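Data first, discussion second: the structure below is written as structure tokens.
The values are calculated or read from the model by the stated rules, or taken from the named source; none is laboratory data. Keep in mind it's a predicted model, so treat the numbers as computed, not measured. A quick note on method: Cβ atoms are made from the backbone with ideal geometry, for glycine too, and the neighbour counts reach across all protein chains shown.
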């Protein structure tokens with residue numbers, strides 16, 4: 001069994017097991033830009049980026065060539081709900097392109113796997 005930053009991967013089952021932290025909803029001004037809201041959310045929930053990276057690594061090891069961060073975020077949301085019996089996990093759809101860029105910045109090896117789209121500024 002190998003432990004990688006709060007994820008346990010068992011060689012027998014090759015099943016990724018994620019440990020979750022509570023979801024935090026940050027406070028920000030109503031007129032804050034999408035980027036400012038995203039940064040507040042990301043900074044309040046730093047574990048999400050790590051868990052998404054672990055998930056994308058796992059998918060890549062199992063043959064996925066390209067993946068969307070939105071799909072990974074939805075998978076993480078479902079696993080969060082299942083394991084914590086909570087519907088609190090939320091990622092604003094406007095954040096996924098920013099998550100993709102932060103993932104690539106923090107984990108450059110994921111650049112070949114992550115699909116990116118143009119950022120919309122609002």
For this session: Return only the number of the condition from (1) assigned to a helix (DSSP H, G or I); (2) modelled with pLDDT of 85 or more; (3) under 16 Å from the mean Cα position of the chain (by Cα) that residue 35 does not satisfy.
Result: (3)
Exercise. Name the residues in the range 64-95 that are part of a loop (DSSP other than H, G, I, E, B) and either modelled with pLDDT under 80 or surrounded by 14 or more Cβ atoms within 10 Å (Cβ to Cβ) (or both), would you?
Worked result: 64, 85, 86, 87, 88, 89, 90, 91
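In the range 62-79, which residues are touching a residue at least 40 places away in the same chain (Cβ under 8 Å) and over 16 Å from residue 96 (Cβ atoms)?
62, 64, 65, 79
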Seminar exercise, completed: Checked the range 28-38 for anything closer than 18 Å to residue 116 by Cα and buried (at least 17 other Cβ atoms within 10 Å of the Cβ); matches are 38
